[in-house]
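The next block holds one structure in the form of structure tokens; read it before the comments.
The values are calculated or read from the model by the stated rules, or taken from the named source; none is laboratory data. Quantities reported herein were computed from a predicted structural model and do not represent experimental measurements. Virtual Cβ from ideal backbone geometry, glycine too; neighbours counted across all protein chains shown. For accessibility, only protein heavy atoms count, side chains too; no ligands or nucleic acids. Shrake-Rupley method; radii C 1.70, N 1.55, O 1.52, S 1.80 Å.
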2 protein chains.
Amino acid sequence: MSGEDNLLKLVEAEEPDENDYRLQEQVGFILRKAHQRHVSIFAARIADLTPPQFAALAKLRDVGETSQNQLGTLIAMDAATVKGVIDRLKARGLVELSKHEVDKRRLLVNLTAEGRDAVERLIPLAREITQETLAPLSAKEIATFMKLLAKLA
Amino acid sequence: MSGEDNLLKLVEAEEPDENDYRLQEQVGFILRKAHQRHVSIFAARIADLTPPQFAALAKLRDVGETSQNQLGTLIAMDAATVKGVIDRLKARGLVELSKHEVDKRRLLVNLTAEGRDAVERLIPLAREITQETLAPLSAKEIATFMKLLAKLA
DNA sequence: TTGATATCATTTGCATACGAATGAATTTGG
DNA sequence: CCAAATTCATTCGTATGCAAATGATATCAA
């Protein structure tokens, strides 16, 4: 092997082939597909609610009445997005809105009785959705995956 | 401990506490957040193109001219979505459309010279985006994570 | 106290994302 | 060969998701 060959190999090893970019192997692309698959599984099991809508209801069940903005922070939605989600839940009678007595900027959100019933009814299905999403992995793999995924999120 | 206590424990063990559903630990919720983080990193490095738009360009670079539908399959977008993406790329002169000579249903998509230049220029940035997205993980963790994520997608 | 800042909510505009319906063209099966 | 099924593309409606601008209110600091 000549010295030039060694140099070439070295360069290739340090600077991965310019012509070789595999979209299918990029984490962003696979993350997008994995998310799509999960949403699809969700829709198959819970047809009348989207994952963000369910997230809002589940979080309200946890924390009780909160401001719209605070809820958005808790479920990772910006103000514009959370407004749309809450509007639709309100239109369906699953949440109710009220004004904060002291801080007049805040819009308080809470579950209605119907909303609470809905969450309680859906939580078992949500557990199944989680299971089905993770079904391609073994129990051990699931533990590893969830740990690493949490680091990325 | 009474027999009733034992029964209670057994039931709790089989049927995980009804009142204990933690949204923050569900794979779908974390997957959504990880995806959001990636999109945010992407936008910070490549301001004038979205991840789906870049995916279309990168895939066209790989496979050359294809039908709009086929491209959608390759980058995991349904027909309605891919149409919008291609329309916007076309409006910016990055791809060009033509009709398939034989099969008149098909709309062929290809990179323009400008589109090809853009992809080549952006691929190094895309590599950096992948790296930054995975930065919270060690090299070993990255290998593990990508293997498991691929199984889920 | 008041002027600068910060926070909360809303609105607009743009870009995925997908189900469902439609129309045109092709392929398949009898 | 021809009717049925399939494929490709488009359109419509609905739902995130985010940046940027705006207005109202609250907090902070000089």
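Here is how the numbers come out for the structure above:
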| item | result |
| --- | --- |
| Highest average packing first - B:135-141, B:33-39, B:58-64, Cβ atoms within 10 Å | B:33-39, B:58-64, B:135-141 |
| Region B:40-152, relative contact order in percent, only Cα pairs under 8 angstrom and at least six apart counted | 26 |
| Cβ neighbours within 10 Å from other chains - mean over A:132-143 | 3 |
| Pairwise label distance in nanometres, A:ALA44 with A:ARG106, each label 7 Å out on the Cα-Cβ vector | 4.2 |
| Shielding of A:46-54 by partner chains, average beta-carbon count, 10 Å | 1 |
| Normalised convex hull volume, the protein assembly as shown, alpha-carbon set, Å³ per residue | 220 |
| Span per principal axis, largest first, for the Cα atoms of region A:79-153 (Å) | 49, 28, 19 |
| Total accessible area lost when B and A pair, probe 1.4 Å, Å² to nearest 100 | 4900 |
| Cα Rg, Dmax, chain A, angstrom units | 22.7, 81 |
| Probe 1.4 Å, accessible area per residue of region A:3-152, Å² | 56 |
| Shielding by partners - mean other protein chain Cβ count within 10 Å, residues of A:34-45 | 4 |
